[in-house]
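Quick notes on the structure that follows.
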Amino acid sequence: MSITYTKEKVIEALDMLSKGIIQPAEEYLDSFQKSLNAWNIVTEILYSRPYPDMKVLTFSAICIAKKIKLDFEELRTAELISLRDLLIDLLKNAAMMPDGKPLVVQLAVCLSVLGLMSGSWNPELRKFVRELSGWPEHVMALLEVLKVLPEETRPLNLAVNETALEYMKHELRFQSNYVLNVLEELLERQDLPSLVCLPKCLEVCGSWIKFGLVSPDDMLERKLYQRINIILVTPQVEGHLEATECIVAMLKQSLVSDCLDSKLAKLVISLEPALIRSTSNLQLMQNYCDIFVNLFRTFFKLTRTDPTKIEERKLTISLLLLIAEHCPLKVIETSLEMWSLLSENKKDPQKTIYQPYFMKLLGHLFPRLLLPESYESIVPPGPLDMHRFREPIAEFLGDICHLVDINTMDKLFNVVRNEMSPWAEVEVAVFFLQHFIKNFKESQTHIIVKILDSIKNRKQTFIRQQVLELISIPKTVDLDIIWSFLLNELRQERPLLAAVNCRLELLLPHWSFLIVLASMVDEFHLEETDRYQLLVFICNVLRQLPESDIPKARSLLSKIEWRMCPNHELANRINVIQNL
């Protein structure tokens with residue numbers, strides 16, 4: 001049975017989607033987009049007055065882009081010209097809508113796809129720019145098209161062969177100088193609001209650089225580059241993100257072209273004071289971090305095998321240190337990958353050159369990882385941001401442990417064993433030591449035992465958590481030490497029961513410890529539900545015994561007399577044992 005397609009039915013299907021009636025709506029809309037009727041119906045929708053809902057309008061524009069890709073080979077030259085004029089008219093209308101941005105973006109995609117597939121951007125671009133250079137609203141729509149155009153050259157966006165795609169890019173590169181001229185002229189216009197026009201022009205510029213249509217060398221002598229320079233050096237908030245994206249794109253393209261201009265590198269290095277002046281603005285700090293990280297990555301990869309570039313590389317490492325010294329945790333985290341990149345070759349003869357920088361980095365990270373004094377009695381996991389940050393830090397510390405020398409270990413241990421050290425400093429020092437000891441395999445057990453002996457009387461929950469982490473390091477401490485510290489934790493006023501439960505398997509090689517532990521559950525400061533949970537975990541671990549040992553374990557457990565357990569709770573415990 002044939003399906004009827006009408007404007008009303010399309011709108012109805014979109015309404016069904018918004019109400020969660022997915023399958024029938026998707027099936028109808030999918031078949032609609034493949035139908036011959038789609039061209040006329042979506043045009044009717046886009047010209048409807050009053051305007052339909054924005055989701056209906058944007059769907060219609062998306063549909064046109066798909067139809068261009070699907071039916072392009074069937075469209076005659078006259079139809080392509082007519083479709084281009086139609087889209088420009090629709091774009092002008094959308095630009096005048098107060099909430100028309102989503103529609104403008106989708107129509108920009110339509111025009112970009114049409115221009116790329118028909119090869120009309122080369123002769124038509126100047127005419128298109130003139131046509132949309134009048135009203136300020138039209139100018140913003142023009143800029144949206146110019147931004148989207150490079151994005152549509154990605155292979156996944158256009159179903160054309162590599163040769164055709166490369167030809168499209170070649171044609172756009174040919175037009176790039178004209179596009180940059182247009183952007184610079186627009187920035188001189190007094191009738192365009194600077195707060196909106198400047199970021200958008202830089203956004204367009206960044207898009208053309210990012211997709212390889214404007215080379216870094218082409219940018220260096222442009223007024224746009226000077227404008228970017230001023231924004232970043234000042235620093236100026238408006239346009240800062242977009243200026244950042246331009247510089248990052250230039251650095252990435254420098255890596256692609258295997259050539260980094262010293263003028264670009266000097267600009268980035270000159271931004272040190274700007275970052276320091278921006279410490280009250282998280283977004284600006286993140287922007288500078290992105291620039292510094294990309295300069296380091298680009299320069300490091302281009303000069304990795306060149307020993308003559310060591311001094312210049314130190315300048316880029318200093319930028320990473322600047323991030324660690326002045327930026328908050330969220331920003332620092334985005335730079336850690338670069339430090340790992342620097343340390344990844346463990347046999348690098350230049351390792352000793354980098355080592356002082358790593359030690360300085362650790363010095364900057366140490367105070368950043370300190371927990372507030374108010375968390376002294378909080379049960380972990382505690383502050384979520386800190387623990388989320390510690391995961392990448394832990395991975396990073398493992399990556400660089402081969403760079404850590406015995407002097408660093410001694411300094412950290414001095415913090416741990418000093419009874420006057422604040423608990424938060426002790427906790428961080430143990431965190432560092434825990435990840436560095438793998439570089440000292442021969443003395444690993446000795447170091448852990450020394451640490452445990454120094455902090456065994458510390459009551460803070462985060463330090464006790466570190467104790468449990470230390471005894472969990474495989475093949476380091478014996479079962480008597482593991483048993484001693486698990487028992488010590490359970491005897492605390494507020495035991496870290498979840499942390500203990502997940503470490504009970506450590507006792508499995510000498511499972512009689514588990515039987516003893518089961519007999520002691522009433523001695524701990526636990527609610528009955530927690531005592532029951534501890535017993536459940538003990539039984540779960542015992543299930544991992546060889547099948548021949550399980551009856552013996554069950555028999556030993558069944559002989560336990562819990563004299564303090566109320567009768568109505570005792571049945572639950574017995575039931576757990578019987579199910580072992």
Add +1 for every Lys or Arg and -1 for every Asp or Glu among the other residues with Cβ under 11 Å from the Cβ of Ala499, and state the total. 0
The chain, relative contact order [Cα under 8 Å, separation at least 6], %: 6 percent
I'd like the carbon and sulfur percentage of the solvent accessible area for the chain, probe radius 1.4 Å, heavy atoms only, ligands and nucleic acids excluded. 53 percent
Tilt of helix 101-118 relative to the longest C-alpha principal axis of the chain, in degrees (0 to 90, nearest 10)? 70 degrees
Lysines with Cα under 16 Å of Lys314, excluding same-chain neighbours fewer than 8 positions away: Lys266, Lys301, Lys351, Lys360
Taking the Cα centre as origin and putting +1 on Lys and Arg beta-carbons and -1 on Asp and Glu beta-carbons, what dipole magnitude results for the range 481-580, to the nearest 20 debye? 220 debye
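Using only alpha-carbon positions, what ratio does the radius of gyration of the range 1-119 give when scaled by 2.2 N^0.38 Å? Spell out each step's value before the answer.
Values: Rg = 14.1 Å, N = 119, 2.2 N^0.38 = 13.5 Å.
Against the compact-globule rule of thumb, the ratio is 1.05.
In µm²/s, what is D for the chain at 20 °C and 1.002 mPa s, where D = kT/(6 pi eta Rh) by Stokes-Einstein and Rh is the Kirkwood radius from Cα pairs?
73 µm²/s
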Hey, how much of the P(r) for the range 428-544 falls beyond 19 Å, as a percent of Cα pairs? 46 percent
Which of the three applies to the range 176-247, rounded, prolate or oblate, going by the alpha-carbon gyration tensor with a ≥ b ≥ c and a/c under 1.5 meaning rounded? oblate
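When N is the residue count of the range 479-566, what does its C-alpha Rg come to as a fraction of 2.2 N^0.38 Å?
On the way: Rg = 12.4 Å, N = 88, 2.2 N^0.38 = 12.1 Å.
Output field value: 1.03.
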With every protein chain present, what is the per residue accessible area of the chain (1.4 Å probe, Å²)? 48 Å²
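The values are calculated or read from the model by the stated rules, or taken from the named source; none is laboratory data. The model shown is predicted, which means the values in this text are computed figures rather than measured ones. Reconstructed Cβ throughout: ideal geometry from the backbone, glycine too, with neighbour counts over all protein chains shown. All accessible areas refer to the heavy atoms of the entire protein, side chains included, with ligands and DNA or RNA removed. Shrake-Rupley method; radii C 1.70, N 1.55, O 1.52, S 1.80 Å.
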